[in-house]
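First up is the structure itself, then whatever we jot down about it.
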Amino acid sequence: MSTSAPAFEAEGLTKRFGETVALKGIDLAARPGTVLGVLGPNGAGKTTAVRILATLLRADGGRATVGGLDVVRHAERVRRMIGLTGQYASVDEDLTGTENLVLIGELLDLRRKDAKARADALLAEFGLAEAAGRRVKTYSGGMRRRLDLAASMVGRPSVIYLDEPTTGLDPAKRDDVWNMVRAQVADGVTVLLTTQYLEEADALADEISVIDHGKVIAHGTPAELKSVAGGQTILVRPTDPARLEETGAILSAVAGRRAESPGRGVITVPVDGDAAFTEVVGRLAAAGIGVTELSLRLPSLDEVFFTLTGSHTTEEEAA
Ligand SMILES: Nc1ncnc2c1ncn2[C@@H]1O[C@H](COP(=O)(O)OP(=O)(O)OP(=O)(O)O)[C@@H](O)[C@H]1O
Ligand SMILES: [Mg+2]
């Protein structure tokens, strides 16, 4: 593991909005050229932490640095190092793709000619060359997200914050965004990615900080986090959905932990070894419960989250 200084770092950040304590002392950091996934449910404090790291909001306590520079004392210099794609689109609907990016370039003190060249290059890189001259209001959701990402790259940032960059996108568009993020990282950019999607954190992040109610409740690589939920998980889908509860009782009894239903018609439980699997098979057979699915597998990150917090991150998406 590299010993280089973190590309960004937050230590003990606290933030309160009136009665709401949004952050209760959060630590986040990423090594240069890596992706830190910040995973948490609605209201966990993800956007608040990003806004502090992006100099847009002041913490009540703690400190944050980007490239070793304090985000409050050196806000101006920090802004030159970062790119931000917010949770809500930040581009102007009435301008074209090109106009949006040129405008941002000019705000960053690029000369018009250079701003135009940068805009053209980014539009091409993000697959928007053909739509460059169209107003953004005619763009699809996926095109907007790509433009948003391009907008955060105009100033050639070394650190980018992506706040839920794929929420609401269909899987193909999500893949496009993931590939763009990977391309940036391959160029040496450091990424802070907030997400509610475990799959996304798993796909992109080198390390993940799981946050809930303003606190980091777990940190590690995706594989490390998966190991906290126990070694493996048994999943059963009884042929007769009416027997789900009965199936759950069997799983709970064998595993010594409460079985949970992560989606319609299936029930899962973490187990410590494959002996439990054999026993479940025997008990299901003895009870005359037929199954259409029965597996032993590594836990998903959603199960990890459930193990850590007792709640799920998001509703299971319909398959
Ligand atoms: N400007 C604000 N004024 C009052 N409360 C706020 C403000 N911003 C955030 N909060 C509250 O702080 C908490 C954390 O909000 P935050 O937006 O950081 O969560 P989040 O993890 O980004 O959630 P989501 O996944 O829904 O975007 C929430 O309870 C939210 O209602
Ligand atoms: Mg948010």
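Checked against (1) within 16 Å of ligand 1 (Cβ to nearest atom); (2) of a type outside the set (Val, Ile, Thr); (3) surrounded by fewer than 22 Cβ atoms within 10 Å (Cβ to Cβ); (4) in a loop (DSSP other than H, G, I, E, B), Pro165 passes all but condition (3).
A single entry from Gly97, Gly105 fulfils the requirement of being modelled with pLDDT under 95, closer than 23 Å to Val177 by Cα and either away from ligand 1 (no atom under 16 Å from the Cβ) or of a type outside the set (Val, Ile, Thr) (or both): Gly105.
The helices (runs of 4 or more DSSP H) found entirely in region 215-315 that carry 2 or more residues being among the hydrophobic types (A, V, I, L, M, F, W, C) and surrounded by fewer than 19 Cβ atoms within 10 Å (Cβ to Cβ) are 222-228, 244-255, 275-287.
When you look at Leu122, is it away from ligand 2 (no atom under 16 Å from the Cβ), surrounded by 20 or more Cβ atoms within 10 Å (Cβ to Cβ) and either over 30 Å from Asp27 (Cα atoms) or outside the structural domain of Lys46 (by TED's automatic domain parsing) (or both), yes or no?
So Leu122 passes the test.
When Ala29, Ala59 are checked against the criterion of being more than 16 Å from ligand 1 (Cβ to nearest atom) and assigned by TED's automatic domain parsing to the domain that holds Gly142, Ala29 stands alone in meeting it. Residue pairs whose Cβ atoms lie under 7 Å apart, sitting 6 or more positions apart in sequence or on different chains, and linking a residue in region 162-175 that is at positive phi to a partner that is away from ligand 1 (no atom under 16 Å from the Cβ) and not hydroxyl-bearing (Ser, Thr, Tyr), are Gly168/Gly141.
The one condition from (1) part of a helix (DSSP H, G or I); (2) touching a strand residue (DSSP E or B) at 6+ places or on another chain (Cβ under 6 Å); (3) touching a residue at least 60 places away in the same chain (Cβ under 8 Å) that Leu84 does not meet is (1).
Would you pick out the residues in region 128-162 that are assigned to a helix (DSSP H, G or I), within 16 Å of ligand 1 (Cβ to nearest atom) and either touching a Gly at 6+ places or on another chain (Cβ under 8 Å) or aliphatic (A, V, I, L, M) (or both)? Can you show your working first?
To start, the set of residues in region 128-162 that are assigned to a helix (DSSP H, G or I) comprises 136-138, 141-153.
Those left that are additionally within 16 Å of ligand 1 (Cβ to nearest atom): 145, 148.
Matches in region 128-162: Asp148 only.
Which one is modelled with the highest pLDDT, of the residues in region 72-94 that are within 16 Å of ligand 2 (Cβ to nearest atom) and either surrounded by 15 or more Cβ atoms within 10 Å (Cβ to Cβ) or among the polar types (S, T, N, Q) (or both)? Filtering region 72-94 for residues that are within 16 Å of ligand 2 (Cβ to nearest atom) and either surrounded by 15 or more Cβ atoms within 10 Å (Cβ to Cβ) or among the polar types (S, T, N, Q) (or both), the one modelled with the highest pLDDT comes out as Leu84. Considering only residues in region 26-63 that are under 14 Å from Ser209 (Cβ atoms) and away from ligand 2 (no atom under 16 Å from the Cβ), the one that is nearest to the chain's Cα centre (by Cα) turns out to be Val35.
The values are calculated or read from the model by the stated rules, or taken from the named source; none is laboratory data. Note that the structure is a prediction, hence the values are computed from the model and not measured. Please note: Cβ atoms are built from the backbone with ideal geometry, for glycine as well, and neighbour counts cover all protein chains shown.
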